[in-house]
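Working notes for the structure below.
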Amino acid sequence: MKFLLAAGLIVIVAVAAIFALGEQTGLRMAPAVQTIGAATPVTVEIANPHGVRRVSARLEQNGAQYPVYQETAPAHRLFWSRHQPVRRITFEAGKNKAPGLKEGKAQLVVEAVSNDLRAATNTAAFDLNVILTLPRAVPDEAQHYINQGGMELVTFTPSGSWSEAGVKVGKYTFRSFPLPGRPDQRFSMFAYPWDLAADITPLVYARNQAGTEATAHFWFKLFPKKFRVRDFPVDEALLDKLVNSVDPTGTLAPGPDTLARFLKINGEMRRKNNQQLADLRLKTEEKILWNGPFIHYGKEESMFADVRNYIYKGKAVDQQVHLGFDLSDVQNAPVNAANDGRVVWASDLGIYGNCVVLDHGYALQSIYGHLNRIDVKVGDMVKKGGPMGVAGSTGLAGGVHVHFSMQVDGVQVNPREWWDEHWIKDRILSKLEPGSAGKPSATRAESAASPPRRATGRSRSSRRQR
Ligand SMILES: [Zn+2]
């Protein structure tokens with residue numbers, strides 16, 4: 001009897017121990033996927049301190065089951081670990097692995113067996129939508145002449161199932177908007193960014209919620225541009241002035257070495273400030289706020305995408321690309337809006353000093369830097385030629401000038417095109433007119449290599465000579 005009691009006790013203790021040693025497995029989709037198509041990547045996080053010895057995933061729909069993932073790890077029953085990290089497994093779920101799958105609702109069921117004596121099975125089920133209709137994007141048949149560093153507009157018709165559509169140029173993606181007056185069509189203003197090689201093919205694309213993407217080519221001709229390379233000498237006095245103008249309290253770029261502080265501002269801070277400008281792309285209205293060519297103020301001292309080699313004590317200490325035009329001005333002269341627009345930024349912006357950014361609609365924006373004083377505030381509508389403040393040399397500016405630049409969907413482009421009435425008509429407005437989509441454009445427009453000039457008072461023939 002004593003023996004039986006002892007044996008029973010041992011069994012109870014052993015069973016309790018096994019259960020105490022068993023762990024629940026946490027199963028989580030990360031990121032959450034709600035829609036699948038032909039082969040949609042799904043990532044599942046598996047959390048169990050003992051690890052798991054088996055993972056499987058299947059799609060379920062109308063009582064049918066389709067295995068989409070299976071993995072078995074060798075079990076270590078005696079020396080299991082108690083500190084297994086969270087595992088992430090990625091597999092494809094969709095029609096390719098589940099031939100009977102139809103559009104509509106489905107479930108992804110994931111099962112994991114813990115790698116311990118208890119070998120508990122945990123199951124998680126995720127509701128999904130199946131979309132099998134493919135997206136499609138058909139571009140216009142217009143001729144698209146593009147200046148490297150400049151921009152262009154393409155119209156296209158997305159169809160099938162799509163939730164996102166626009167233009168891709170290398171690593172860059174540009175949004176699209178509904179084409180006014182043509183509800184079935186969309187348009188994208190896109191850049192051919194200055195930092196891309198001259199052999200990239202822009203594509204229109206449409207993507208559905210399942211991540212299935214369609215792309216299409218359109219006719220284009222790129223005009224490659226050579227960007228200038230210039231030496232930018234800096235001495236101790238100038239470094240001191242620049243560094244103290246941007247960071248007078250020594251908190252942004254601290255340290256005893258002026259050159260080191262300057263390099264931090266010129267590199268790290270420049271990148272951060274350019275990102276802040278790019279992030280303004282979402283503060284836009286879905287309509288054209290501008291009216292006619294943008295006004296060109298002042299004399300050009302630096303040009304868009306100039307490469308600057310910073311020379312200090314005879315040595316090149318830094319290289320940066322200048323994304324904009326430096327337009328000469330005099331202290332406290334009014335700084336005027338180049339076109340109608342709404343103020344989306346009106347405060348300090350690091351290297352750009354006191355800075356104003358105007359939104360002109362459809363993610364087209366203009367940037368004005370180094371102002372001595374700002375007289376507008378975010379939300380204000382400003383008229384073309386209207387005053388926004390006065391010129392100065394705040395931020396990273398050696399002397400008084402206005403740093404002027406433009407961006408489309410957060411990518412800075414050569415503003416020269418927008419100073420050119422003819423370019424605007426050919427490359428932008430003609431494609432937005434009702435009935436123009438798909439018609440080949442008869443004219444060519446290459447403007448970014450032309451010298452600056454006022455937007456008014458020039459003849460058509462002179463424009464053709466460039
Ligand atoms: Zn500048």
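Here are the numbers:
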| quantity | calculated |
| --- | --- |
| Label-to-label distance, nm, for residues given as ARG118 and GLU164 (7 Å Cα→Cβ offset) | 4.1 nm |
| ALA316 versus PHE220: modelled label distance in nm, points set 7 Å from Cα along the beta carbon direction | 3.0 nm |
| Mean Cα-pair separation over length for the chain, i.e. relative contact order, pairs under 8 Å, 6 or more apart, % | 13 percent |
| Segments 355-361, 176-182 sorted - mean Cβ within 10 Å per residue, highest first | 355-361, 176-182 |
| For ILE146, distant residues with modelled amide H under 5 Å away | LYS221, LEU222, PHE223 |
| Highest to lowest packing among 320-329, 85-94, 247-256, scored as the average C-beta count within 10 Å | 320-329, 85-94, 247-256 |
| Share antiparallel - DSSP beta bridges, region 214-335, percent rounded to 5 | 65 percent |
| Distance between modelled label sites at LYS287 and ARG54, nm, 7 Å Cα→Cβ extension | 6.3 nm |
| Kyte-Doolittle mean at least 0.5 and Cα axial length at least 15 Å: DSSP H helices in the chain | 2-21, 236-246 |
| P(r), alpha carbons of the chain - 20 Å bins starting at zero, rounded % | 20, 38, 28, 11, 3, 0 |
| Cα centroid separation, region 140-179 to region 345-398 (Å) | 29 Å |
| Members of LYS171/LYS425; LYS272/LYS384; LYS171/LYS283; LYS264/LYS315; LYS221/LYS425 lying beyond 20 Å, as alpha-carbon distances in this model show | LYS171/LYS425; LYS272/LYS384; LYS171/LYS283 |
| Peptide ranges 97-107, 288-298 listed from the most packed, as the mean C-beta count within 10 angstrom indicates | 288-298, 97-107 |
| Volume per residue of the C-alpha convex hull in region 229-419, rounded to whole Å³ | 104 Å³ |
| Per-pair calculated FRET efficiency, R0 = 22 Å: ALA39 and HIS83 via Cβ, rounded to 0.05 | 0.05 |
| In region 278-346, GluC sites (Glu not before Pro) in a DSSP loop with at most 13 other beta-carbon atoms within 10 Å | GLU286 |
| Charge dipole of region 203-357 about the Cα centre (unit charges at C-beta), most positive-ward option of PHE223, ALA305, VAL335 | PHE223 |
| Other-chain or far-sequence residues with amide H under 5 Å of GLU23's (modelled H) | ALA120 |
| Theoretical ellipticity at 222 nm over the chain - DSSP helices of four or more residues, -39500 (n - 2.57) apiece, nearest 500 | -3500 deg cm²/dmol |
| With every protein chain in place, the chain: carbon and sulfur % of accessible area (1.4 Å) | 56 percent |
| Bins of 5 Å, starting at 0 and running to the largest distance - Cα pair percent for region 193-286 | 2, 9, 12, 11, 13, 15, 11, 8, 7, 7, 4, 0 |
| Length released on extending from LYS383 to ASP240, taking residue separation times 0.36 nm less the Cα-Cα span | 47.7 nm |
| Rg/Rg_ref, region 278-327, where Rg_ref = 2.2 N^0.38 Å and atoms are Cα | 1.72 |
| Additional length obtainable on full extension of the chain from GLN65 to ASN129, 0.36 nm per residue less Cα span | 21.5 nm |
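The values are calculated or read from the model by the stated rules, or taken from the named source; none is laboratory data. Computed from a predicted model, the values in this text were never measured in an experiment. Every residue, glycine among them, receives a Cβ derived from its backbone with ideal geometry; neighbour counts consider all protein chains shown. Just so you know, the surface numbers come from the protein's heavy atoms only, side chains and all, with ligands and any DNA or RNA stripped out. Shrake-Rupley method; radii C 1.70, N 1.55, O 1.52, S 1.80 Å.
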